[in-house]
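**Student:** This is the structure I have questions about; it appears just below.
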Amino acid sequence: MLRELMTRIRQGHQTADAFPDGPPPAMPERFRGAPEIDPARCKPAACARCVEACPTQAARMEGGELKLDLGRCLFCPACAEACGEGALTFTQDIRLAASKREELVAGAGPRKLATALPEELRALFGRSLKLRQVSAGGCNGCEAEITAMNNVVFDASRFGVQVVASPRHADGLLVTGPVTENMRRALMKTWEATPAPKIVIAAGACAISGGPYRGHPEQHDGVEKFLPVDLYIPGCPPHPLTILDGLLRMIGRIKG
Amino acid sequence: MSAAPLKLANGQARPLAEIPLFSFEEFRAYALDRAAGGGKVSALFAAPVNGAKTIVALVSLRLTGEIEAVLVKPEGYRSLTPEIPSLHLFEREMAEEHGIIPEGHPWFKPVRYHKPFNGGEAPVVGVTEYFTLEGSQAHEVAVGPVHAGVIEPGHFRFQCHGEKVYHLEISLGYQHRGIERALAGGPHGRTLSHMETLAGDTTIGHATAHCEVVEALAGMGVSPDALEARAVMLELERLANHAGDLGMLAQDVGYLPVAAFCGRSRGDFLNLSQVICGSRFGRGFMVPGGVRYGMDAAMLEDFSARLARAWKDFTDASALLWTKPSVLARFENTGTIPFSVCRALGMVGPAARACGEPRDVRRDFPSGAYRARPMGVASLDSGDVFARARVRWLEAEQSLRFIQSVLKPWERSGPPDSAALAPETMAAAMVEGWRGEILHTAVTGADGRFAAYKVVDPSFFNWTGLAYALRGQEISDFPLCNKSFNLSYCGFDL
C-alpha cells in the first residue's frame, strides 16, 4: 500500500482541469484542428490544388469559394500542403463539433459550434449523461480516443459523462464507424433497446460520412442514414478534447 | 518438385514471370517440407496474375531471413489444414472470396461474412452454428457484437460444461469495410488513408509496410534519415500500445492505480507522436519515398526531454505490477498456450514470443533502419498472461533504447514527382508492428496498378490463439486473456 501511495505522489496531479472553464491545454504546433480559410490568398478561378489533393472530397469549390466539409475531412495534411499559398491552414483549435450536418462545412469566417440540447433534454442529461458506445465499423481510432477521454487527464466522468455497459442504462448512443453492412442490424437493435428520450452522437469522419470508406458497398456512409443525429464530432479520429468539448456543449456545460 | 521457389528479401520486388507455377500437389509437398524445417506460410491468397486467377504463396524462412514465393494453380484441392493448421484461415478466405474450395477442411466456415468477389449472397453474420458443443449439461454463453466496454464488434460464444470453457467460438467480420477490394486498381487518392486505418492503433506499422511495397515497385529510394525516422515512429507506436496494454491488464485484475497511471502513460507516448506529425496515431507522417515531417534540433531537445519524463513515469507505474503478489497470482498460469500449439497456429508477435517462439521481423527479416540495428528478441516461455504482459514490458524497454540510440534531427523528404509502379511485378514487405508481423503483398497488372493487394495483420493468426487460451479456463478469465492478446478486429476484418 505504501508503494502505491508513494507512486501516486510521484505521478502527481495530471487532470487537465483548467478546461473547460479556462482554455484547453496548448496543442503542439503541428496539430491539425479547426481549419482556417483565407479568401484573400485563395484563387479559386485559377487553382483547385487542395480540391484535387483531398482524398475524401472534403475540400470543394462552391460558388467560387473554397469550402471544407469537416464531416468528410480526415484532417490529413494533403490540402494545406498542396495549397502552398497559405489559403488553407489548420489551427490548433480543438473545437469542432456541430449540432447540424450543414454546420460542419467550413468557409471563410467563423463556423457555428454545437449548441445545447432543447431544455427538456438538457434538464434530463445536463448533469448525468450515460452513453452506450456502438462501434459500427472503422479502425478503432475513435474508440481509442473515447477510451482516452475517460482517463485521468481528460476525466469525462467529472462532468457526469460516462460510457455504460448496456443500452438499457443509456441516454443515447455514441456511434463510431461508417455502419458496415455487417453491423447495421446490431446498431438498430441497440437503438431499439435504448429507452426514450434518447440521443445519437456521431463521432469521427466515418460515422458522419463514411470517412475513407465512403462509397464502398460494404458500408453505409455513416449513421445518419439510419438514425437522427444530435451531435456531430469531426476528426479522424477526433482528439479526446474535441469529443469532450462537443459533449459539454451539447449538455450546456460549455456555452458560446 | 518442379522449379525452385523464387527467393526474395523483405521489401523487395520481383517480376511475376520469375515466380514458378506449382500444381497444388507440388505446393503441398513443398509447404510440408518447409513447415518441417520451421518455415512459415505467411500469406496464401488468390490474385489475378497475368489476367488469370492464381494462388500466390509466400513462405518466410526465419533462419535465412528469406521469403520464398511460388504461384499455385487455382484448382480444387485437398485441404492442407490438417497437416499445417496455421493455413486454416487462408484456405477459408480463398473459399469465401473466390470460391476455391479446400476439400476436407476440418474447420470450414466463413471468415468475414461478405459477398463473394464475383457476386452472390453473403452468409448471415454472427451465425456460429458451424461448431457447437452438445450434451445435457453443456451450455453456451453469447457475447457481442456490441460489448459492454468501448470495444470493436465481434461475436463470442463460450461453449461450456458447468464453469469450464471447452471452446471459444469467435465470429468476426463486423468491421469488414472492403479495403482490399477497394485497393485493387490502385494506388488511388485514398490508398494511404486506407493503409492508415487498416488498424487505427497500428497506423505507422501498416503504413510502413505499404510504403515499402510501393517503394519496391517504383524503384524509389528512401534516405537513411527517413528510414530512421520511420523506425522512431514505429517504436513510439509500440511504446504507447504496450503501456496502454499493461494498464488494461492491471484494470482487468482490479489493480486500479496502475490502470490509471499506465492509461495516462499511453497518452504521453501518443502525444509525442502528435508533436512530430500533429496526430496522436501518426496519421499523415508516412508517405511513399520518405516522411512528411522533419525534426529540427530545437524540437529534438524538447522531444528527448519529454520522452525521458514519460519513460520515468511509465517505469515507476508499471514497476508496481511486477512486485504485487495478487497481480502476479492472477497473471500466472492463466490462458496458457504451449509452444507446440503456438507454432501450429502460426502465432506471431508478443503473444508468440511469450510462448517461446523466437521470431521478430526486426531481427529475422530486418528492413529499413533495422538492417543496421537488428533488435534482440524479447521472449519468455511460460505462454500465460504473465508472459504476454512481461514480454510487452521487455519490448518497451528495447523500444526506448532504440529510439534514444537513433534519435537525431531529420528532414522532411516528401514523395518524388513520378512514382510509376513496375508492371506485372510482385512486392512483399514485412514489418514488426506492436501486435506482431504485418505482411503486405502487392501484385501489379500490365497497367502498373495493383491487380491485388493482400494485407495480413498479426491478428489474423492470433485470434485462434486467443480461442485456444480459453480452453479449460472459466468465462471470468476471458477479459484478462483477451487483454493479454489485445487483438485487432478491424485489422482482421479489413
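The values are calculated or read from the model by the stated rules, or taken from the named source; none is laboratory data. Keep in mind it's a predicted model, so treat the numbers as computed, not measured. Cβ coordinates were reconstructed from backbone atoms using ideal geometry, including for glycine residues, and neighbour counts include every protein chain displayed. Please note that ligands, DNA and RNA were not included when accessible areas were found on the heavy atoms of the full protein model with its side chains. Shrake-Rupley method; radii C 1.70, N 1.55, O 1.52, S 1.80 Å.
**Student:** What number goes with the only condition from (1) buried (at least 19 other Cβ atoms within 10 Å of the Cβ); (2) in contact (Cβ under 8 Å) with a residue 40 or more places away in the chain; (3) touching a Pro at 6+ places or on another chain (Cβ under 9 Å) that A:Glu65 does not pass?
**Tutor:** Only one criterion in (1) buried (at least 19 other Cβ atoms within 10 Å of the Cβ); (2) in contact (Cβ under 8 Å) with a residue 40 or more places away in the chain; (3) touching a Pro at 6+ places or on another chain (Cβ under 9 Å) is unmet by A:Glu65, namely (1).
**Student:** Where the second residue is of a type in the set (S, T, N, Q) and not in a helix (DSSP H, G or I) and the first is under 24 Å from A:Cys76 (Cβ atoms) and more than 7 Å from chain A (Cβ to nearest Cβ) and lies in segment B:256-274, which pairs have Cβ atoms under 7 Å and are six or more apart or on separate chains?
**Tutor:** Final answer for the pair search is B:Ser273/B:Ser279.
**Student:** So A:Pro195 clears everything in (1) at pLDDT 95 or above; (2) part of a loop (DSSP other than H, G, I, E, B); (3) open to solvent by 10 Å² or more (accessible area, probe 1.4 Å); (4) within 11 Å of chain B (Cβ to nearest Cβ) except one condition, right? Which one?
**Tutor:** The single condition A:Pro195 does not satisfy is (4).
**Student:** Could you list all residues from segment B:86-123 that are open to solvent by 40 Å² or more (accessible area, probe 1.4 Å), among the acidic types (Asp, Glu) and more than 14 Å from chain A (Cβ to nearest Cβ)?
**Tutor:** The one that is open to solvent by 40 Å² or more (accessible area, probe 1.4 Å), among the acidic types (Asp, Glu) and more than 14 Å from chain A (Cβ to nearest Cβ): B:Glu103.
**Student:** Here's another thing I want to ask about it. In this structure, is A:Arg111 assigned to a loop (DSSP other than H, G, I, E, B), open to solvent by 10 Å² or more (accessible area, probe 1.4 Å) and either of a type in the set (Val, Ile, Thr) or more than 9 Å from chain B (Cβ to nearest Cβ) (or both)?
**Tutor:** Details: assigned to a loop (DSSP other than H, G, I, E, B): yes; open to solvent by 10 Å² or more (accessible area, probe 1.4 Å): yes; either of a type in the set (Val, Ile, Thr) or more than 9 Å from chain B (Cβ to nearest Cβ) (or both): yes.
It is true that A:Arg111 is assigned to a loop (DSSP other than H, G, I, E, B), open to solvent by 10 Å² or more (accessible area, probe 1.4 Å) and either of a type in the set (Val, Ile, Thr) or more than 9 Å from chain B (Cβ to nearest Cβ) (or both).
**Student:** In this structure, does A:Ile201 turn out to be touching a Leu at 6+ places or on another chain (Cβ under 8 Å), β-branched (Val, Ile, Thr) and assigned to a strand (DSSP E or B)?
**Tutor:** Values: touching a Leu at 6+ places or on another chain (Cβ under 8 Å): yes; β-branched (Val, Ile, Thr): yes; assigned to a strand (DSSP E or B): yes.
Criteria met by A:Ile201.
**Student:** Next question, about the same structure. Could you please find all residues in segment B:387-397 being free of Cβ contacts under 8 Å to residues at least 60 places away in the same chain and either surrounded by fewer than 22 Cβ atoms within 10 Å (Cβ to Cβ) or more than 15 Å from B:His242 (Cβ to Cβ) (or both)?
**Tutor:** If we filter segment B:387-397 for residues that are free of Cβ contacts under 8 Å to residues at least 60 places away in the same chain, which is where we start, we get B:387, B:391, B:394, B:397.
Hits for segment B:387-397 are B:Leu394, B:Glu397.
**Student:** Output yes when any residue across segment B:282-291 is within 30 Å of B:Leu256 (Cβ to Cβ), within 12 Å of chain A (Cβ to nearest Cβ), crowded, with 22+ Cβ neighbours inside 10 Å and out of contact with any Cys (no Cβ under 6 Å at 6 or more places or on another chain), and no when none is.
**Tutor:** First, the residues of segment B:282-291 that are within 30 Å of B:Leu256 (Cβ to Cβ): B:282.
From what's left, within 12 Å of chain A (Cβ to nearest Cβ): B:282.
Those still in the list that are crowded, with 22+ Cβ neighbours inside 10 Å too: B:282.
Subset that is out of contact with any Cys (no Cβ under 6 Å at 6 or more places or on another chain): B:282.
Scanning segment B:282-291, I find at least one residue that is within 30 Å of B:Leu256 (Cβ to Cβ), within 12 Å of chain A (Cβ to nearest Cβ), crowded, with 22+ Cβ neighbours inside 10 Å and out of contact with any Cys (no Cβ under 6 Å at 6 or more places or on another chain), so the answer is yes.
**Student:** Tell me, please, whether a residue that is under 19 Å from the mean Cα position of the chain (by Cα), assigned to a loop (DSSP other than H, G, I, E, B), within 24 Å of A:Ile254 (Cα to Cα) and of a type in the set (Phe, Trp, Tyr) can be found in segment A:28-47.
**Tutor:** Checking segment A:28-47: at least one residue is under 19 Å from the mean Cα position of the chain (by Cα), assigned to a loop (DSSP other than H, G, I, E, B), within 24 Å of A:Ile254 (Cα to Cα) and of a type in the set (Phe, Trp, Tyr).
**Student:** While we're here: Residues being assigned to a loop (DSSP other than H, G, I, E, B), farther than 30 Å from B:Ala305 by Cα and touching a residue at least 40 places away in the same chain (Cβ under 8 Å): count how many of those fall in segment B:405-439.
**Tutor:** Step one: filter segment B:405-439 for residues assigned to a loop (DSSP other than H, G, I, E, B), giving B:407-409, B:411-424, B:434-435.
Next, from what is left, pick out any that are farther than 30 Å from B:Ala305 by Cα: B:415-424.
Within this subset, residues satisfying the condition of being touching a residue at least 40 places away in the same chain (Cβ under 8 Å) are B:415-416, B:419-422, B:424.
Number satisfying all stated conditions: 7.
**Student:** Considering segment B:59-74 alone, what residues qualify as being out of contact with any Asp or Glu (no Cβ under 7 Å at 6 or more places or on another chain) and either within 26 Å of B:Arg449 (Cα to Cα) or open to solvent by less than 20 Å² (accessible area, probe 1.4 Å) (or both)?
**Tutor:** Residues satisfying the conditions are B:Ser60, B:Glu66, B:Ile67, B:Glu68, B:Ala69, B:Val70, B:Leu71, B:Val72, B:Lys73, B:Pro74.
**Student:** Looking only at residues that are surrounded by 16 or more Cβ atoms within 10 Å (Cβ to Cβ) and at pLDDT below 90 in segment B:125-146, which one is farthest from the other protein chains (Cβ to nearest Cβ)? Steps first, please.
**Tutor:** Going residue by residue through segment B:125-146, those that are surrounded by 16 or more Cβ atoms within 10 Å (Cβ to Cβ) are B:125-126, B:128, B:133, B:144-146.
This time we only want the ones that are at pLDDT below 90, so: B:125-126, B:128, B:133, B:144.
On the way: B:Val125: 4, B:Gly126: 8, B:Thr128: 14, B:Leu133: 24, B:Gly144: 8 Å.
Checking each candidate, the answer is B:Leu133.
**Student:** Please verify whether segment B:255-273 includes one or more residues that are open to solvent by less than 20 Å² (accessible area, probe 1.4 Å), among the aliphatic types (A, V, I, L, M) and more than 18 Å from B:Ser484 (Cβ to Cβ).
**Tutor:** Yes - at least one qualifying residue is present in segment B:255-273.
**Student:** For segment B:310-335, give me the residue count where each residue is touching a residue at least 12 places away in the same chain (Cβ under 8 Å) and open to solvent by 60 Å² or more (accessible area, probe 1.4 Å).
**Tutor:** 4
**Student:** A further question follows. Can you find, within segment A:139-171, the residue that is farthest from the other protein chains (Cβ to nearest Cβ) among those that are small (Gly, Ala, Ser) and open to solvent by less than 20 Å² (accessible area, probe 1.4 Å)?
**Tutor:** Step one: filter segment A:139-171 for residues small (Gly, Ala, Ser), giving A:141, A:144, A:148, A:156-157, A:160, A:165-166, A:170.
In the following step, the residues that additionally are open to solvent by less than 20 Å² (accessible area, probe 1.4 Å) were identified as A:141, A:144, A:148, A:156, A:160, A:170.
Values: A:Gly141: 3, A:Ala144: 6, A:Ala148: 6, A:Ala156: 12, A:Gly160: 17, A:Ala170: 11 Å.
Among them, the one singled out is A:Gly160.
**Student:** Select, from B:Arg363, B:Arg401, B:Arg371, B:Arg306, the only residue that is in contact with a strand residue (DSSP E or B) (Cβ under 9 Å, 6 or more places away or on another chain), open to solvent by 50 Å² or more (accessible area, probe 1.4 Å) and free of Cβ contacts under 8 Å to residues at least 40 places away in the same chain. Steps first, answer last, please.
**Tutor:** Values: B:Arg401 fails: in contact with a strand residue (DSSP E or B) (Cβ under 9 Å, 6 or more places away or on another chain); B:Arg371 fails: in contact with a strand residue (DSSP E or B) (Cβ under 9 Å, 6 or more places away or on another chain); B:Arg306 fails: in contact with a strand residue (DSSP E or B) (Cβ under 9 Å, 6 or more places away or on another chain).
Step by step, each of B:Arg363, B:Arg401, B:Arg371, B:Arg306 is checked, and only B:Arg363 is in contact with a strand residue (DSSP E or B) (Cβ under 9 Å, 6 or more places away or on another chain), open to solvent by 50 Å² or more (accessible area, probe 1.4 Å) and free of Cβ contacts under 8 Å to residues at least 40 places away in the same chain.
**Student:** I need the strands (runs of 3 or more DSSP E) fully contained in segment B:1-54, keeping only those with at least 3 residues that are of a type in the set (Asp, Glu). So that I can check it myself, show each step before the final result.
**Tutor:** Values: elements: B:6-8, B:12-15, B:40-49.
By residue number, no strands (runs of 3 or more DSSP E) qualify.
**Student:** Which condition number does A:Leu70 fail, the rest of (1) at pLDDT 95 or above; (2) surrounded by fewer than 17 Cβ atoms within 10 Å (Cβ to Cβ); (3) not charged (D, E, K, R) being met?
**Tutor:** With respect to (1) at pLDDT 95 or above; (2) surrounded by fewer than 17 Cβ atoms within 10 Å (Cβ to Cβ); (3) not charged (D, E, K, R), A:Leu70 is out only on (2).
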